[in-house]
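Q: One structure is given below, represented as structure tokens, and several questions about it will come after.
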Amino acid sequence: MSKQVRVRFAPSPTGPLHIGGVRTALFNYLFAKKHNGVFYLRIEDTDQTRFVPGAEAYIMEALEWLGIAPEETVGKNEKFGPYRQSERKDLYQQYADQLINSGWAYYAFDTPEALDAHRKQHEAEGKTFIYNHHNREKLDTSLVISAEETAKRIANGEHYVIRFKTPVDETLHLKDIIRGDVKFETNLLDDKVLFKSDGMPTYHLANIVDDHLMETSHVIRGEEWLPSMPLHVLLYRAFGWDAPEFAHLPLILKPVGNGKLSKRDGDKMGFPVFPLEWKTEEGVSSGYREKGFFPEAVVNFLALLGWNDGTDKEIYSLEELAASFDLNRVHKAGAKFDPEKNKWFNHQYLVKQNDSDLAKTFSPILVEKGFSTPLEVTTRIVSLIKERANFVSDFWELTDFFFQAPTSYDEKASKNWKEETPALMQELISVLENIEDFTSANIETIVKDWLTKNEIGMGKVMQPFRLSLVGALKGPHLFDIVEIVGKEETISRIQKAISTL
Ligand code: GLU
């Protein structure tokens, strides 16, 4: 790669960023880092009808949270600014004019009603109306009226659009880094609108002009833009500019069934499809951040949706991803979204976290439940259970018995509470009362010695003991629980079990 790598993420701020968009941003970021290039963010907001307030700030915040913030964007290193297309509005007209003057584009005055009538007429004849070389000379365009007439109609403020004059009878052989050679017949393309009389460019014109002016070396974007590739390449040709290289990323597919992953799949199966929570009047859409996902886990998971480095390696830091990333190894086929794998990644990152950091995240939940436990104790508890959790929000369910006595006893486990159990539990209380050094290993030795000396079967005491403390036959090592709960509370819980069961 000779020229500097400059890649962009160019979302339209029409709502929260879907997880597919996040992956596009991530692959651009990784590609830039791999090649010591620049990853920039451009806001494509030329379509004012689809503009959603708050969406731009959301996109920025999401990328920051994930640790893949752009190097250049609105308000940050605006080397080729502005980075918001609505603020570049005045720039596009000259490029549209340039294409008119060179014969690569034309004015079209057809009213929406006229176009609708054409569409209906075609339908009635069993045909589809495509605005292109088939009929552009029969429609209301500057290709058929004189230059004077055209100028007059524009000066009179008549509604018009500028359309691209797609070349005829050409087979385009284009190169996509992921898909290899892709072929397009120009005769099948329509003459896309590039510019409207309200002075606004369409996506196609603004996107090409800006990718050129912002010196974009590679366009890495979702597969849904592949059909636009021939037009984009032709636009570069029309302007006499070098086209960037293209890479169209595979779709992210539903966990079950066919088709693209949608928000509905997430709602149905209980996983977020947005990085951050998104609130509107209609309701709240959950976000990875609020669900308790670690940003590193989300990044790691997304990187492997459609890419791998050829090994079995699954856990990567962002730096490792950047070092191994290779567009040539991105798959052509769609990548199935696996919500279970997603949680598995979070688990991997959770167990790697420092216990006291996890305890700090857990503490507010405890406070909410009414417990202000010292951080060292919470840290110890976290260390005992984190292997069983995917999220910090799982902690309470895994640890509630450390903080409060059981309010009920698991029915099935209660069957182990036999006739002789109360007497054995009374004896256990006496054993526990006499232990001075109330630490896990010591309690374990003394209790087990007592069992051995008196030839009492382990299960006869251990299961009811656990049931008394926890309310069920679950939880970490019993004597760790006993130590943390403390002598007095342990005894009181056994007494409560004796009187309840
Ligand atoms: N604004 C387009 C979008 O919303 C950008 C597509 C592209 O990357 O060219 O995704």
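Q: Per residue and in Å³, how big is the convex hull formed by the alpha-carbon atoms of the chain? Don't skip to the end; give the middle numbers.
A: Details: hull volume 102.9 nm³, N = 501.
Value for the chain: 205 Å³ per residue.
Q: Give the carbon-plus-sulfur fraction of the accessible surface of the stretch 146-264 in %, rounded to a whole number; probe 1.4 Å, heavy atoms of protein chains only.
A: Values: 2690 of 5220 Å².
C and S atoms contribute 52 percent here.
Q: Right, another one. Taking all protein chains together and a probe of 1.4 Å, list Ser468, Ser430 from the most accessible to the least accessible.
A: Ser430, Ser468
Q: Return one whole number: the accessible area per residue of the stretch 369-410 in Å², for a 1.4 Å probe.
A: Using a 1.4 Å probe on heavy atoms only, each residue of the stretch 369-410 averages 51 Å².
Q: What is the set of long-range amide H partners of Lys336 at a cut-off below 5 Å, with H atoms built 1.01 Å from backbone N?
A: Amide H neighbours of Lys336, under 5 Å, 5+ apart: Leu253.
Q: Sticking with this one: Can you give me the angle between helix 458-470 and the longest principal axis of the chain, using Cα atoms only, in degrees from 0 to 90, rounded to the nearest 10?
A: 60 degrees
Q: Gap in Å between the Cα centre of the stretch 91-135 and the Cα centre of the stretch 355-422?
A: Their Cα centres are 67 Å away from one another.
Q: Going down the list Lys369/Lys474; Lys89/Lys152; Lys89/Lys120; Lys33/Lys260, which pairs span over 30 Å between their C-alpha atoms? Walk me through the numbers before you get to the answer.
A: Numbers: Lys369/Lys474 21 Å; Lys89/Lys152 24 Å; Lys89/Lys120 35 Å; Lys33/Lys260 28 Å.
Table pairs above 30 Å Cα-Cα are Lys89/Lys120.
Q: Nearest 10 degrees, 0 to 90: what angle lies between the long axis of helix 229-239 and the longest principal axis of the chain (Cα atoms)?
A: With both axes taken from Cα atoms, the answer is about 50 degrees.
Q: For the stretch 13-117, with all protein chains present and a 1.4 Å probe, just round the carbon and sulfur fraction of the accessible area to a whole percent.
A: 49 percent
Q: Through the Karplus equation 6.51 cos²θ - 1.76 cosθ + 1.60, θ set to phi - 60°, convert the phi angles of the stretch 270-283 into ³J(HN,Hα) values in whole Hz; use x for Gly and Pro.
A: x, 10, x, 10, 10, x, 10, 4, 10, 10, 9, 5, 6, x
Q: Which angle between 0 and 90 degrees, to the nearest 10, do you get for helix 375-385 versus the longest principal axis of the chain when only C-alpha atoms count?
A: On a 0 to 90 degree scale, this one is about 80.
Q: Another question, if that's okay. Counting only protein heavy atoms and a 1.4 Å probe, tell me what percentage of the stretch 316-423's accessible area is made up of carbon and sulfur.
A: Whole-percent figure for carbon plus sulfur exposure: 49.
Q: Solvent-accessible area per residue for the stretch 190-255 at a 1.4 Å probe radius, Å²?
A: 29 Å²
Q: Using only DSSP helix segments of four residues or longer, with each worth -39500 (n - 2.57), what per-residue ellipticity at 222 nm results for the chain after dividing by its residue count and rounding to 500?
A: Values: 21 runs with 227 residues, N = 501.
One gets -13500 deg cm²/dmol as the mean residue ellipticity at 222 nm.
The values are calculated or read from the model by the stated rules, or taken from the named source; none is laboratory data. Predicted, not measured: the structure shown is a model, and the values here were computed from it. These area figures cover heavy atoms from the full protein model, side chains too; ligands, DNA and RNA do not enter into them. Shrake-Rupley method; radii C 1.70, N 1.55, O 1.52, S 1.80 Å.
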